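Working notes, structure below.
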Amino acid sequence: MQYCNNNGSDDEDDQKCLATTTPFDGQVFILSESGKPIFYSKGDEDEICSFFGVISIIVQRYHSLGNEDGRDSLLSIQRRDLFFQFLYRSPLILCLVSRQPCNLHIQLDTIYNQDGCCSRRPIVGRSPNLIMGCFQTRNQIISMFSRKMLREYYQKRGSNFDIRSLFGFRILPLSPTDRDFLVQTMGNIINETCPNVVAFGLLIAHRQLVALVRFKRLNLDAPDFNTIVNLIECHKANMIHSDHQFPFCLPKFDPNQFLYAYISYLWEGTGPCLVLLSITNSDYEKLTQIRPKLEENISSYKYNTRLVSALSNPEGFCLQENIKWAEQLWHFIYKNTSNTQ
């Protein structure tokens with residue numbers, strides 16, 4: 001259900017309402033069904049508890065309409081030049097306030113998937129008590145883990161960061177020869193060490209993809225890649241000096257199942273991050289053998305110096321100065337349809 005009020009009224013109540021909501025432009029709110037604040041992209045959730053409560057009451061009111069076969073859902077509210085987009089997925093309510101109406105529902109869906117990457121768990125067929133326990137555990141995880149992840153994400157990019165950039169990801173500039181070497185080497189080591197276990201193997205540096213190997217017919221979508229990157233970047237200090245493995249959900253790949261993410265940094269924490277997403281957690285010891293073998297192969301590579309330099313200090317992409325339209329280009333998207341990797 002969408003609600004729109006554009007009657008142009010300039011009475012005092014309307015002006016007060018607009019003045020109250022204007023500071024929230026471009027902000028994200030995450031709360032529980034009961035209205036408990038979980039995340040506000042500007043911080044200080046406790047200072048705007050009343051606004052969280054209003055969101056909860058409005059969303060729950062519309063949800064209570066209808067019948068058990070189909071509940072109503074409040075999608076958005078438009079007030080003059082301000083748009084409120086809502087997403088209700090029990091036990092969470094998400095709200096995005098923006099002056100621009102474009103793709104707001106997609107942005108909220110992306111945020112929800114980012115939150116649920118480590119807390120989503122299938123609950124079909126479980127007892128009510130177990131389901132409630134799962135929800136409570138999930139709320140705790142989101143309150144601590146995902147809240148921290150979102151907070152650091154916004155702090156690095158500013159509170160007005162456009163989350164639509166999560167719909168794509170960057171490729172680290174690298175010589176085709178060096179990239180092919182890394183892909184072939186990673187694939188060979190993984191197949192020799194633990195065949196038919198690693199669904200996706202990634203090498204990531206500076207938030208950019210260096211190399212990717214995967215099972216045939218499996219694809220890694222941009223939102224899933226960015227979910228992985230956000231996780232390792234926000235918790236880099238805790239992961240950089242040791243290996244870690246934990247359940248991890250890729251919402252676009254399969255929102256109802258976990259893969260197991262093994263994370264390890266090359267060269268004692270000074271190099272790129274190796275991420276291995278396996279279908280089982282019983283091969284941890286075998287996975288720990290992959291990084292040392294990869295380091296050994298890189299050290300014996302004939303273009304080792306060039307490769308290490310590119311991974312440590314990548315060159316930025318730039319257009320030739322003599323291109324007339326270069327100054328007017330803000331950004332572009334390139335999709336290589338011929339590359340089967």
Filter result (in a helix (DSSP H, G or I), farther than 9 Å from Phe169 by Cβ and either touching a strand residue (DSSP E or B) at 6+ places or on another chain (Cβ under 8 Å) or at pLDDT 80 or above (or both)) within the range 219-232 = Asp224, Thr227, Ile228, Leu231, Ile232
ask   = From the list Lys252, Lys216, which residue is basic (Lys, Arg) and more than 23 Å from Phe181 (Cβ to Cβ)?
value = Lys252
request  = Assess whether Glu33 counts as being within 15 Å of Leu94 (Cα to Cα), of a type in the set (Asp, Glu) and at pLDDT 75 or above.
outcome  = yes
ask   = Can you find even one residue in the range 260-271 that is surrounded by fewer than 19 Cβ atoms within 10 Å (Cβ to Cβ) and in contact with an Asp or Glu (Cβ under 7 Å, 6 or more places away or on another chain)?
value = yes
query = Of the residues Asn219, Asn297, which single one is more than 23 Å from the chain's Cα centre (by Cα) and in the same structural domain as Phe181 (by TED's automatic domain parsing)?
reply = Asn297
ask   = Has the range 200-212 got at least one residue that is assigned by TED's automatic domain parsing to the domain that holds Val308, at pLDDT below 90 and of a type in the set (Val, Ile, Thr)?
value = no
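The values are calculated or read from the model by the stated rules, or taken from the named source; none is laboratory data. Not measured: the values here are computed from a predicted model. Cβ coordinates were reconstructed from backbone atoms using ideal geometry, including for glycine residues, and neighbour counts include every protein chain displayed.
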